[in-house]
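J.: The structure under discussion is supplied below as structure tokens; questions concerning it will follow.
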Amino acid sequence: MKSFTHHSTFRLTLLVGALACLTTFADTSTDTTGYTSLNTNANQAVEFDFADLVKPFDPPALEEIVSGNEWTDKPVLDAVELMRERQEGEQALATSGDQQEIRDEVNPQQDDQTAVTTESVSMSIFTLTIIGLSVFSLLIGWVAYNQFKQAGLLVILLCWVASMIGIFLMRDTEHTEHTEHTEHTEHTVGPVSIAEALALKNSSVANNNKIISAMGRLAQEGEVNFSAEWNRHTAGDIKSTNPLMISSTAEFDVAGLTNMGLFGFDWNFVPFASSDVVVSWQTSADGLYDKVVMRDDLLWSDGTAITAHDVAYSYQVIMTSSVPIPAVRSGTDQLKYVHAYDDHTVIFFHNESLATNVWNINFPVIPKHIYESTVPEDPTMAKSEAHVALDENPITGGAYQITKRARGQEIVLKRRESYYIVDGKEVRRKPNFETIRFHIVENSSTALLALKKGDIEEMQLSPEQWQSQTSGEEFYKNNTKSYALEWVYYYFGWNNRSPFFRDVRVRQAMSYAFNHQELLDRHRFGLDEAAQGIFHKTSRWAPTTLPTPYTQDLDKAEDLLAEAGWEDSDEDGYLDNFVELDDDFDGKIDGRKKVRFEFTILTSNKQERIDICALLRENLEQIGIICNVKPVEFTTLQQLSRDHQFDAIFAGWGTGADPDTSENLWTTNAIDAGRNYGCYSSKIVDQLFEDGKRELDPEKRAAIYQKIHLQLWDDQPYTWLYFRNAYYGFNRSLRGYNYSARGPYNYGPGESTIFKPAGMQ
């Protein structure tokens, strides 16, 4: 079951606006949004020149634009109803009355028990038959002996043997027929009810599919307990509540519930405007204009109307160079202008007709009446008293608002009545939970204990937790679990400006040196699959024939290193070479020196990540390379990565709704203006990204990104490791758990589908 737009669509704004790619350093404490705040000296004054990145532009009159263009209506949809339509088209769930169907199709264990009973009954009949025939044969034999002596006995003996053979043949036939039925039953995946799904243990693909199908269904009329509280887990605290400044999964999850946006996209990544926010959306025939009419019943949490002027103002803030948000600016900076003609009508002006224009108009929206006085005095949006206060008590436009922030402990959200009730009328769907409480628990083992006890009601599981710590009765007493593929890959990232990794042959050698199979088997417990580049094989952007994954070949690695000049010249057991030094990795050569191949790989301080890096260290030791593993705090890892101050990093990345989002990682321009932390540069890739955004034919466009995929694989700026599955454990009281290629929340309706049935707290 795939999920799609969030109820407020802000989650999607974050995803696709500004080339947002989910899950940098991907996990619950990782950078996922594509939005970055830079460290700025607290005592350093920031020069303020509002919207200085916007070229002067005098918007024409609205009547002129409307009458001078042909317009195409674009979809304005209710995401939850779209999901409901999809579910209605799927196989119907079984009901409590369908017991025989369930027994036959769903419960092979029950079938096995039935088989034992049947076999026992058959054995009893078989035994009695033998005894009866034996007694009968003896009686007949006695009579025959008196009449025919030995000849009679021979006849009776032959008849008895023939009867026994017939009985054994019949018995074997019955057993074969039962076995065939049992084998068929074990491989049948039929519909299940909620009760049946809750009784299953997730020990097979078939059971996983049944749990997702049953537990993912949407709430029916009168089924929701609207007074319920949802206790969620997050592994890290939030640093900012400002939608322009957020940079971690925890911040992203909170923002998806508290903020608003205009657009969303379905499970096929087809964009649409949210009917919760938008009345109409039109695009001009030449692709240079998008006209959006917003609803007139939108309110910020302080009671002020949300208008088109907020949208236009947000664009101008993003396009202010002194505001430290380069990632969200990427994509938005491709717009020519954004102008509000009245409170409800906003037009997005494009420089040219691009396939990516629809994603460029997605960007976070902040309240103009609040920030127009605070941003000029503090463009960092983080240091002034006003901004500190706003961060503690943000003005929100989404379904929830923050009512409590206990640092390192919890974040509490309350349903906002003014979101769905305006002037006494219910104008939007009532959010399913009165309270959503994020419990901040950094240690995953501690979090799992809390889940088992019921103190928290959902968490993302590690493969080890999934495999060995959530299979017993202690877990299933209160919980169940499910998983689905996420388009999130993990990698070793090589700094292409580092003296160690400038040479493509060295980067390829790293990929050959690593034991990929041991990683998958020992560290991912055989649950994930090897990554074969930036796009997963299920993506339309992936090449038809994917490159063969790397497997460990130490001889090949040594040969490539030798070709690049790395040999043990002094016979100390370690490789060395004369290299061009670039101490600050700014691309300027500082000198040439003979150095030993010794580098440091940075990773977040999570044990599973440290262990994977330790495996790399062990592998490289075998070929004379010293790899130092350095765990650091996530914020430190972020900053060092942005500043390109590393030799290697272990991290993750998730592809966005459009392949052009990857431009933020791989183009030369993105080294300084985006997230090309490894400083990879290729004229071929740069041009392909330019071609990709200008190609409007879907098939031809897909072919371009397939070429990018293959070129990156050849150059190995990363050693791609694996695509992860999203593993979630959740309380049995929760319903509506749906998945997309980005997990259960990252494409809406996301949280909007989750509910607790009436009678459950």
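The values are calculated or read from the model by the stated rules, or taken from the named source; none is laboratory data. Here the structure is a predicted model, which means the values were calculated and not measured. So basically every Cβ, Gly included, is an ideal-geometry build from the backbone, and we count neighbours across all protein chains shown.
J.: Can you tell me which residue among Asn360, Asn268, Asn259 is in the same structural domain as Val422 (by TED's automatic domain parsing) and free of Cβ contacts under 8 Å to residues at least 40 places away in the same chain?
T.: The unique qualifying residue is Asn268.
J.: Report yes if Thr179 is at pLDDT below 95, over 30 Å from Thr380 (Cα atoms) and part of a loop (DSSP other than H, G, I, E, B), otherwise no.
T.: In short, no.
J.: State yes or no: is Pro243 under 27 Å from Pro60 (Cβ atoms) and within 21 Å of the chain's Cα centre (by Cα)?
T.: The answer is no for Pro243.
J.: What tally of residues in the range 593-627 results from selecting those that are of a type in the set (Gly, Ala, Ser) and under 25 Å from the mean Cα position of the chain (by Cα)?
T.: 1
J.: Which of the residues that make up the range 248-262 are aliphatic (A, V, I, L, M), in a helix (DSSP H, G or I) and either out of contact with any Pro (no Cβ under 9 Å at 6 or more places or on another chain) or more than 20 Å from Val277 (Cα to Cα) (or both)?
T.: Hits for the range 248-262 are Ala250, Val254.
J.: Also, quick follow-up: Mind checking which residues of the range 397-426 are crowded, with 17+ Cβ neighbours inside 10 Å, in a loop (DSSP other than H, G, I, E, B) and more than 23 Å from the chain's Cα centre (by Cα)?
T.: Residues satisfying the conditions are Gly397, Arg416.
J.: For the list (1) at pLDDT 95 or above; (2) in a loop (DSSP other than H, G, I, E, B), I need the number of the one condition that Asp714 fails.
T.: Unmet condition: (2).
J.: Of Ser284, Ser247, Ser275, Ser322, which residue is closer than 23 Å to Glu751 by Cβ, small (Gly, Ala, Ser) and surrounded by fewer than 22 Cβ atoms within 10 Å (Cβ to Cβ)?
T.: On inspection, the qualifying residue turns out to be Ser275.
J.: For residues in the range 723-757 being in a strand (DSSP E or B), of a type in the set (Gly, Ala, Ser) and out of contact with any Lys or Arg (no Cβ under 6 Å at 6 or more places or on another chain), which is modelled with the highest pLDDT?
T.: Ala726
J.: Does any residue of the range 322-339 turn out to be at pLDDT below 95 and closer than 28 Å to Arg415 by Cα?
T.: Yes, the range 322-339 contains a residue that is at pLDDT below 95 and closer than 28 Å to Arg415 by Cα.
J.: Further question on the same structure: Please indicate, with yes or no, whether at least one residue in the range 740-751 is touching a residue at least 12 places away in the same chain (Cβ under 8 Å), farther than 25 Å from Arg437 by Cα, surrounded by 21 or more Cβ atoms within 10 Å (Cβ to Cβ) and not assigned by TED's automatic domain parsing to the domain that holds Pro326.
T.: yes
J.: Would you check if there is a residue in the range 666-674 being among the small types (Gly, Ala, Ser), in contact with an Asp or Glu (Cβ under 8 Å, 6 or more places away or on another chain) and assigned to a helix (DSSP H, G or I)?
T.: Yes, because at least one residue in the range 666-674 is among the small types (Gly, Ala, Ser), in contact with an Asp or Glu (Cβ under 8 Å, 6 or more places away or on another chain) and assigned to a helix (DSSP H, G or I).
J.: Name the single residue, out of those in the range 499-518 being in contact with a helix residue (DSSP H, G or I) (Cβ under 6 Å, 6 or more places away or on another chain) and part of a helix (DSSP H, G or I), that is surrounded by the most Cβ atoms within 10 Å (Cβ to Cβ).
T.: Within the range 499-518, the match that is surrounded by the most Cβ atoms within 10 Å (Cβ to Cβ) is Ala509.
J.: Restricting to the range 338-356, count the residues that are in contact with a Pro (Cβ under 9 Å, 6 or more places away or on another chain) and crowded, with 20+ Cβ neighbours inside 10 Å.
T.: Number satisfying all stated conditions: 2.
J.: Does Leu615 satisfy the condition of being out of contact with any strand residue (DSSP E or B) (no Cβ under 9 Å at 6 or more places or on another chain), of a type in the set (A, V, I, L, M) and closer than 20 Å to Leu721 by Cα?
T.: Judged against the criteria, Leu615 is a match.
J.: While we're here: Filter the range 720-735 down to residues that are touching a Gly at 6+ places or on another chain (Cβ under 8 Å) and either surrounded by 24 or more Cβ atoms within 10 Å (Cβ to Cβ) or closer than 27 Å to Ser511 by Cβ (or both), then give me how many there are.
T.: Looking only at that region, the number is 3.
J.: Can you tell me which residue among Leu710, Leu696, Leu637 is in the same structural domain as Tyr489 (by TED's automatic domain parsing) and within 23 Å of Arg329 (Cβ to Cβ)?
T.: Leu637
J.: Mind counting the residues in the range 435-451 that are out of contact with any strand residue (DSSP E or B) (no Cβ under 6 Å at 6 or more places or on another chain) and in a helix (DSSP H, G or I)?
T.: Number satisfying all stated conditions: 6.
J.: I've got another one for you. In the range 366-396, which residues are surrounded by fewer than 23 Cβ atoms within 10 Å (Cβ to Cβ) and of a type in the set (A, V, I, L, M)?
T.: Result: Ile370, Ala382, Ala386, Val388, Ala389, Leu390, Ile395.
J.: Here is a further query. Can you find, within the range 612-663, the residue that is surrounded by the fewest Cβ atoms within 10 Å (Cβ to Cβ) among those that are in a strand (DSSP E or B) and touching a residue at least 40 places away in the same chain (Cβ under 8 Å)?
T.: By that ranking, first place goes to Ile626.
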